[in-house]
Structures are given as structure tokens and as C-alpha cells.
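The values are calculated or read from the model by the stated rules, or taken from the named source; none is laboratory data. The model shown is predicted, which means the values in this text are computed figures rather than measured ones. Cβ placement follows ideal geometry from the backbone for every residue including glycine, while neighbour counts extend to all protein chains displayed. Just the protein is used for accessible areas: all its heavy atoms, side chains included, with ligands, DNA and RNA removed. Shrake-Rupley method; radii C 1.70, N 1.55, O 1.52, S 1.80 Å.
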Amino acid sequence: MSLPADGHLIIVGAGLAGYHAAYGVRRHGHRGRITIFGEEIRPAYDRPALSKAYLTGAVAEEDLLLDDPQDPLEVDWVSGLGVVGLAGSRNGTEPLGVRTADGAFHSADAVIITTGASACTLPAASPAAGPQEWSAAIRPYVLRNMDDALALRDTSLAGASVAVLGGGFLALEAAATCSERGAASVTVVAGEENPGAARLGSPVGQAIRTAHEARGVRFAPPTRARAVRSTLRGHEVLLADDSSLEAQVVICAIGARPRTEWLLGSGVTLTQDTSAVLCDDTGATEVPGVYAAGDCAQWASHSSGLRPVGHWQEAVEEAAVVAAALTDAQPAVLQEPYFWSDQFDLRIQGAGRIHLADTTTVLDGSPSEGNLLVSYSRGGEEIGVLGINRLRDVTRWRKTRRIRTTAPALAA
Ligand SMILES: Cc1cc2nc3c(=O)[nH]c(=O)nc-3n(C[C@H](O)[C@H](O)[C@H](O)COP(=O)(O)OP(=O)(O)OC[C@H]3O[C@@H](n4cnc5c(N)ncnc54)[C@H](O)[C@@H]3O)c2cc1C
């Protein structure tokens, strides 16, 4: 379905994918109205620095804004107003539009859902642990939006003991930042011995652990956190192996969940396991005129494992594909999947379909040197690389691997 030339486009979610979808639609010449609803009070901003340079004060809020004040997008931004419902039906008979939290209905010719994800928190303590062990007052810090990052940035960490729950990049970035900000101790509670080893291979997991330990970060024996309770000195994290850990500051970085609760009962299908919006590889849902992109969406090529979920580049590319589909423009040229992470002085970059590899080979460097180049292959064909402080190698690999479809054929 394409958007009529003077049609009204509504974008729900003023984040990375929402901004880039509007940008793409305008770039393809759409002259009609575009309204972007964002529940946050601030203009659309970029998130990666929230777990890194923003926490150390190296970048300010205005550095992260997506819209360029010198050349602003021609859109109606509606900030501080969440969307609570979607109207429209699979057979296209019900008028399309959204309902906002103030009760108003806004009709549209097309709707793009870009509501991102929210940080997972620990479940309430089990009855065995006792209900007194979990209360709203003991909410660990999370890192998903600017308010979360502001709360952590404004917390004094000098001399504090910090526990970071989770072994993904977000958790490790938070651990590195707390250490750089003078925490007396930083302990990571992760499910594996060498964080990232299961996904990226043991040389990478070892390199990451070695780099963190060399800078004073400690790793608890592999386990998961199950609850947090307050103590006289701060907090106690109860662990799945029945041990516990005391810390003055607790940061929970155990994953994210699509923000799709407002779509329950609408015509769009949500995936059973993650509640993401189910789409084809143009971002189209089962409701004509309704598309989804970014962290809230699951495209067909995600479910077949061909594209990753939850990375910056993926959100930008999906937004570009949706913009092209809505305006009947040439499909966007896509790159191989890509992610990066900054931890201390390490820049970790991964490109390609690493998660599908059957073989991992270290090409150069060593885990103990904080300098590593790793190749991933499947059936003998190289399908990805990862570099730690190997900017030039990873850039060169990405340049040679541009692809044109949203669902690249998987190497046999
Ligand atoms: C702290 C952090 C660090 C990251 N670092 C990296 C990194 O180093 N490398 C990398 O590759 N990726 C990184 N990412 C991932 C990347 O930033 C995300 O993939 C990207 O932001 C997803 O964009 P999005 O538009 O889908 O969601 P978001 O950017 O989260 O935007 C969604 C917006 O929709 C709003 N919204 C939600 N529900 C509603 C509603 N009902 N009505 C109105 N508005 C609503 C939300 O408030 C939010 O503003 C990081 C993410 C985070 C959180």
C-alpha cells in the first residue's frame, strides 16, 4: 500500500526508527502531513551514548538530538503524549487512526509503529523469598531512556560498590562507565563465565572479561539475579545459586521487551514469545496501511534468523525500507547487520550474520591484548567478522558486503 501524495502519516514513537521513517518519507517527496507522537517530553534523541559518554558527562543532552535545528524535518511533533490504541481492521473497512492518552482520535492514511522497547526488570521476589524483598522503593537503575540515564548520572558513584546485573553489552558498558566514574568496586552478575562467549565465541568472551578484570571489574560466578532487597548499607542482590551480593548501587541490564502493550486487541499480530509486532520484510503488518520498524518489530527475516533485533543500524534500515514502501520509492540499499559497543578503551564492532556461524576463527591479535580480529563462517563461507579495536578491518569488510534485499539469502 502506498501513501497518497497528500495523505496524513502518523508515526507512533519519537525515537530512532520514528525519526528516520519520517526523514525517508520526506526525502522521497511526500508532501502530506506527518505527525509524530512521542510519550517522552523531550525531542527525539539517540540512545547509544546513554550507557557510555552521556553517563560520564562527555556528551550533553543536546548532542544526542536527532533533528537538526539548522534543517528541521517538516513534521508535527507531539511530545509528552502517549498513544494508547490503534484503530483499523485487517479487511480495511474500519477507518485507520490512533487514540492518544488524552482521549482524542487522530485519523491517518498510514501509521508506522516505532515504539521501541522497555527495560526488563527483575520479577517480584518469589513467595519463598518473602514479599518484603521487593518494593517500588528498591527499584534498581535501568538504562533505556534519558530519564533512566539522568538518574544514574546524578548518582554519586565515587567510592560506591556497584552490582551490574546482566552480561550483555549494555551491562558491560554500564560496568565500564561506573568503574571510570570512580566506583570502589563493580561486580557483574552474568549467566556465563566469559560474557558474550555463547553468542560471539569464547575468544571474544575471554577478551572482554580480561579487559574488564584488568581495569578492576569483578565477575560473580556465573548465575542469575532473582530479586533485590534493601539492607542497612544499601541493597542485597539475591542470586539464583542461593548466594547473595551486597551493593550500594544496583543496575539491572537484563534485556528489553517491545513496547506493544497498547496494541493488545488491535488488528496487528504480536509474536507469542516477545510480543513484538509481526511484519513482512517491508515492515507491513496484517492491517492495511500499518507498518512497524525498530526494536518493537519482528520482521520475517528476523524470525528466520537472517537479521538481528535490537541494534541501531537495524532500526535505521528498517525505517528506510518502510519509507520506501510507503512512497513507492526504490528499496533502500542495505548493509550487512552491524553493531558496536564501547567499553573502557575498547571498541567492539561486529558485522555480518555472526549468530548463524558454525565456525569461529581468530585471524589476528589475542584475547589478552585487547586487540582481536575474529572471522565467522558457515559451511566454509565467511559470513561475519568481529573486531576489538580493529576499526579499519571491520570497515573494509563492511564496504565489500553491501546487499540489496531485506532478506539476504543464507549461505547453504
Ligand atoms: C542505553 C542504550 C545503548 C545502546 N547502545 C547501542 C550501541 O552501542 N550499538 C548499537 O548497535 N545499538 C545500541 N542500542 C540500541 C539502539 O539504540 C536501539 O536499537 C534503537 O534506539 C531502537 O530504535 P527505536 O526507534 O526502535 O526505539 P527507541 O529509540 O527506543 O524509540 C522508541 C520511542 O517510542 C516511545 N514510545 C513508546 N511507546 C509509546 C507510545 N505508546 N506512544 C508514544 N510514544 C511511545 C518511547 O518513549 C521512545 O521514545 C542502545 C540502546 C540503548 C537503550
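Quick notes
- Residue match in segment 89-110 (condition: surrounded by 14 or more Cβ atoms within 10 Å (Cβ to Cβ) and touching a helix residue (DSSP H, G or I) at 6+ places or on another chain (Cβ under 8 Å)): yes
- The set of residues in segment 221-252 that are open to solvent by less than 20 Å² (accessible area, probe 1.4 Å) and aliphatic (A, V, I, L, M) comprises ALA227, VAL228, VAL237, LEU238, LEU239, ALA247, VAL249, VAL250, ILE251.
- Whichever residue in segment 258-273 is buried (at least 16 other Cβ atoms within 10 Å of the Cβ) and outside any helix (DSSP H, G or I) and, among such residues, is nearest to the ligand (Cβ to nearest atom): ARG259
- Every condition in (1) touching a Phe, Trp or Tyr at 6+ places or on another chain (Cβ under 7 Å); (2) open to solvent by less than 20 Å² (accessible area, probe 1.4 Å); (3) not aliphatic (A, V, I, L, M) is met by HIS311 except one, and the failing one is (2).
- In segment 98-127, the qualifying residues are those that are assigned to a loop (DSSP other than H, G, I, E, B) and over 26 Å from the mean Cα position of the chain (by Cα), and the one that is modelled with the lowest pLDDT is PRO127.
Residues checked against (1) closer than 30 Å to PRO222 by Cα; (2) in the same structural domain as GLY384 (by TED's automatic domain parsing); (3) of a type in the set (D, E, K, R); (4) under 15 Å from the mean Cα position of the chain (by Cα):
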{"position": "GLY265", "(1), (2), (3), (4)": "no, no, no, no"}
{"position": "ASP273", "(1), (2), (3), (4)": "yes, no, yes, no"}
{"position": "LEU278", "(1), (2), (3), (4)": "no, no, no, no"}
{"position": "VAL290", "(1), (2), (3), (4)": "no, no, no, no"}
{"position": "HIS302", "(1), (2), (3), (4)": "yes, no, no, yes"}
{"position": "TRP312", "(1), (2), (3), (4)": "yes, no, no, yes"}
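- Among the residues listed as GLY92, GLY85, GLY116, the single one being more than 14 Å from the ligand (Cβ to nearest atom) and touching a Gly at 6+ places or on another chain (Cβ under 9 Å): GLY92
- Candidates in segment 60-72 are the residues that are open to solvent by 40 Å² or more (accessible area, probe 1.4 Å) and free of Cβ contacts under 8 Å to residues at least 40 places away in the same chain; of these, the one that is nearest to the chain's Cα centre (by Cα) is LEU65.
- The residues on offer are ALA284, ALA332, and the sole one that is open to solvent by less than 30 Å² (accessible area, probe 1.4 Å), over 17 Å from the mean Cα position of the chain (by Cα), within 24 Å of ASP109 (Cβ to Cβ) and modelled with pLDDT under 95 is ALA332.
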